[in-house]
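Since every read-out is calculated from the coordinates, none of them should be taken as a lab result. All figures in this text were calculated on a predicted structure; none of them were measured in a lab. Neighbour counts run over all protein chains shown; Cβ positions are idealised from the backbone, glycine included.
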Amino acid sequence: TVLSVLTGGVLRVTLNRPEKLNSFNEEMHLDLRACVQRAHDDPEVRAVLLTGAGRGFCAGQDLGDRDPRKGGPAPDLGHTIATFYNPTLRLIRALEKPVVCAVNGVAAGAGANIAFACDIVLAAKSAKFIQAFSKIGLVPDAGGSWSLARILGEPRAKALAMTAEPLMAEKAAEWGLIWKALDDETLMPEAEALAAALAAGPTLGLGLTKRLIQSAATNSLETQLDLERDCQQQAGRSADYAEGVTAFLEKRKPEFRGQ
Ligand code: LHQ
């Protein structure tokens, strides 16, 4: 249900249930989690590129999995969230390597919110983001209530979540939810080039950068200044920093090794 291939330091992860617009069943949840875990554990992985197979990126939870017409007790969605979505979301945010998301088509429900949890989100101009939850009586999950409120503020977050109105990629970029909306045919080449460039970058420094920027949301300026000091101290001891400065002085391109 998920394809993964490591090339030149980029772990390309493709959600692969195209006939269901890559909606999540249990197997896909576990496969995606295993890929993100590998990105943590494997030093050869220096960036992740997440995308979807076929015409969609991800339509959230597979709604066929819990057909209420089949009867039985109501499913415990809290358990689904705790077992499947939340651990993966935490792993993506905690991964101290860049995660690029190439949203190749519709991203609905948890599918949209997983994209927003990635570090740099590119989307095809034809792609749209839909907070589909309210259409089926649910609430935003997979971190969506957090990221939408933080990035957009309450007025837009509430309207998107309550109306489930589709947000086109260009508008999402204009509103700061994603990095760029690109012509459909340029999305994948640009996303691949970006992921490759990040994978050839100073991985330790990029990981610390991610940690710092994510910490800013909850830290005071004082705490953040201390954290910047500590992270810069660590980055300053890296081989990549020495290489970066040496390359600058020698007027050549740096060759970072990610250490
Ligand atoms: C699907 C799905 C889908 C199954 C398209 N499931 N088959 C929820 C519950 C439990 C635990 C915790 O978390 C969550 C979180 C959530 O993510 S809730 C939100 C779940 N997602 C949705 O409500 C979105 C449902 N899908 C749609 O509204 C549309 O499919 C969108 C707007 C995404 C795309 O529309 P179209 O481009 O018109 O495509 P389509 O609707 O024709 O879909 C293509 C096929 O994919 C179709 O199958 P078929 O056999 O008829 O060709 C759909 O049934 C299937 N599909 N999403 N989530």
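Unpaired Cys in the chain, meaning no second Cys C-beta under 4.7 Å: C35, C58, C231. Rounded to the nearest 20 debye, the dipole size of the chain about its Cα centre is 240 debye, using +1 on the Cβ of Lys and Arg and -1 on the Cβ of Asp and Glu.
Between the range 5-53 and the range 220-259, the C-alpha centres lie 29 angstrom from each other. Annotation for E96 and E222: the two label points, set 7 Å from Cα along the Cα-Cβ direction, are 2.6 nm apart.
Cβ crowding within 10 Å, taken as a proxy for footprinting-reagent exposure, orders I130, I136 from fewest neighbours to most as I136, I130.
Rounded to the nearest 20, the Cβ-based charge dipole of the range 117-236 about its Cα centre (Lys and Arg +1, Asp and Glu -1) stands at 320 debye. Using a Gaussian network model of the chain in which every pair of alpha carbons under 10 angstrom is joined by a spring, one finds that among D184, D230, D240 the greatest mean-square fluctuation is at D230.
Calculated mean residue ellipticity at 222 nm for the chain: -13500 deg cm²/dmol, from DSSP H runs with n ≥ 4 weighted as -39500 (n - 2.57), summed, divided by the residue count and rounded to 500.
Temperature 37 °C, viscosity 0.692 mPa s: under these conditions the Stokes-Einstein estimate for the range 93-217, based on its Kirkwood radius over C-alpha pairs, is 220 µm² per second. Test of understanding: in a Gaussian network model of the chain with alpha carbons linked when under 10 Å, which of A39, A74, A181 would top the mean-square fluctuation ranking? Checking each option, the largest mean-square fluctuation is seen for A74. With the largest listed first and rounded to whole Å, the semi-axes of the equivalent ellipsoid of the chain from the Cα gyration tensor are 33, 20, 18.
When the Gaussian network model of the chain links Cα atoms closer than 10 Å, the mean-square fluctuations of C35, C231, C118 top out at C231. Put simply, the amide H of L182, placed in the peptide plane, has neighbours under 5 Å in A123, A124, K125, leaving out anything fewer than 5 places away on its chain. Computed 3J(HN,Hα) for the range 173-181, one whole-Hz value per residue from the Karplus formula 6.51 cos²θ - 1.76 cosθ + 1.60 where θ = phi - 60°, is 5, 4, 7, x, 6, 9, 7, 8, 9, glycine and proline marked x. Towards the positive end of the charge dipole of the chain, with charges on Cβ (+1 Lys, Arg; -1 Asp, Glu), say which of W175, P75, L160 has the farthest Cα. Highest projection toward the positive end goes to L160.
Between G54 and any residue 5 or more places off or on another chain, the built amide H atoms are never under 5 Å apart.
Couplings 3J(HN,Hα) of the range 239-250, computed from phi: 5, 5, 5, 4, 5, x, 5, 4, 4, 4, 5, 8 Hz, in residue order, whole Hz [Karplus 6.51 cos²θ - 1.76 cosθ + 1.60, θ = phi - 60°; x for Gly and Pro].
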